[in-house]
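Data block below; observations after.
Derivation of every value follows stated rules applied to the coordinates shown; laboratory data play no part. Predicted model, so just to flag it, every value in this text is computed and none were measured. Here Cβ is always computed from backbone atoms with ideal geometry, including for glycine, and neighbour counts include all displayed protein chains.
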Amino acid sequence: MSRAFFIGTGPSLRDVDLTRLEGELTFSCNRIHLHPSWQAGWRPTHYLLTDFTHNLYFLEDLTRHVGQGHSVIVTDQLLAAARKRLEREGRPEPWAWWSEPRRLICCEHGNADDRPAEAWHKDGTICTFGGPAFQAPQLALRELGIEEMIFLGCDLGYRPVDQGPDPNHFDESYQPGGYSAEYAHHELRNETLRMAHAITAREAAARSVRTINATEGGHLDTYDRVPLDVLLAERP
């Protein structure tokens, strides 16, 4: 059975050894390179950086991943913002020496309160509602034909915090300098993610694809829970 792991950046990921996923199809996102397993040499097979509105380091993060040997996927809006900033700073595009990141065209769907999605696009294009955790499963099912989806480090339960250590990610310094903008609407963010996972569960069931939550703890209750150790013991 072909399967893929969708790796979030929640606090439950702090003590997970991602090097155990070598040889697996893996999707991750944003600042996953801060995880200790990255320093140990682990890399996801696919990397998504699609939300830059509150990420002060999106260009640095994008530059870090381009040319690392894994698939890099961004939205057209993020790539345009990166190019604008590079031009303003007089810096060359980092992908001039490597392959340009793949672009997803942003659709009209926003968040739970602003044009929410109700299903994946029927025309086969990728719906960009809900961020990487919603976009990656679409890519995996529609383009790679996987039969099992496993979510890891997808905690949900974002909490507001103005300054100090970040309680919402595996690294307390995930975004130093405060989170007043990032988490001002934390409940809206949580509801948007819950909606995105519910849609994914329905779309997967319609395709007879098994969905599993291997996250330890957290607030994601959409999928059946199976411990990561059990899943790795069942490695195809």
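Sort the following peptides by mean Cβ neighbour count (other Cβ atoms within 10 Å, averaged over residues), highest first: 165-175, 215-225, 131-141.
Working: 165-175: 17.7, 215-225: 16.2, 131-141: 22.9.
So the peptides 165-175, 215-225, 131-141, ranked by packing, come out 131-141, 165-175, 215-225.
Assign one of three labels to segment 115-165, namely rounded, prolate or oblate, based on the Cα gyration tensor with a ≥ b ≥ c the square roots of its eigenvalues; rounded applies when a/c is under 1.5, prolate when it is not and a/b is larger than b/c, and oblate otherwise. Oblate shape, in that a/c is at least 1.5 and b/c is the bigger or equal ratio.
Residue separation of R14 and Q68 scaled by 0.36 nm, minus their Cα-Cα distance, works out to 17.2 nm of gained length.
If you place +1 on the Cβ of every Lys and Arg and -1 on the Cβ of every Asp and Glu, how big does the dipole about the Cα centre of segment 20-94 come out, in debye to the nearest 20?
With Lys and Arg at +1 and Asp and Glu at -1, about 140 debye.
Express in nm, to one decimal, how much length is gained between L86 and V161 on full extension, taking 0.36 nm for each residue of separation and deducting their alpha carbon distance. Write out the running numbers ahead of the final one.
Numbers: separation 75, 0.36 × 75 = 27.00 nm, distance 3.07 nm.
So the chain would gain 23.9 nm between L86 and V161.
Across segment 120-127, computed HN-Hα scalar couplings (Karplus, 6.51 cos²θ - 1.76 cosθ + 1.60, θ = phi - 60°) run 5, 5, 6, 7, x, 6, 7, 7 Hz from first to last residue, x flagging Gly and Pro.
Taking square-rooted eigenvalues a ≥ b ≥ c of the alpha carbon gyration tensor, is segment 3-233 rounded, prolate or oblate, where a/c under 1.5 means rounded and, failing that, a/b exceeding b/c means prolate? Walk me through the numbers on the way to the answer.
Numbers: a/c = 1.24, a/b = 1.21, b/c = 1.03.
Since a/c stays below 1.5, the shape of segment 3-233 is classed as rounded.
Tell me which chymotrypsin sites (Phe, Trp or Tyr not before Pro) from segment 1-72 have a DSSP coil assignment and no more than 16 other beta carbons within 10 Å of their own. Taking segment 1-72 and a limit of 16 other Cβ atoms within 10 Å, the loop chymotrypsin sites (Phe, Trp or Tyr not before Pro) found are Y57. Label point of L34 set 7 angstrom out along Cα-Cβ; within segment 61-82, amide nitrogens under 15 Å from it belong to 61-62. Rounded to the nearest Å, what's the spacing between the alpha carbon centres of segment 216-236 and segment 185-205? Just the number, please. Centre-to-centre (Cα) distance: 18 Å.
Please give the net charge around L34, taking every other residue with its beta carbon less than 13 angstrom from that of L34, where Lys and Arg add +1 and Asp and Glu add -1.
Working: positive: R14, R31, R64; negative: E60, D61, D166, D171, E172.
Within the 13 Å Cβ shell, the charges total -2.
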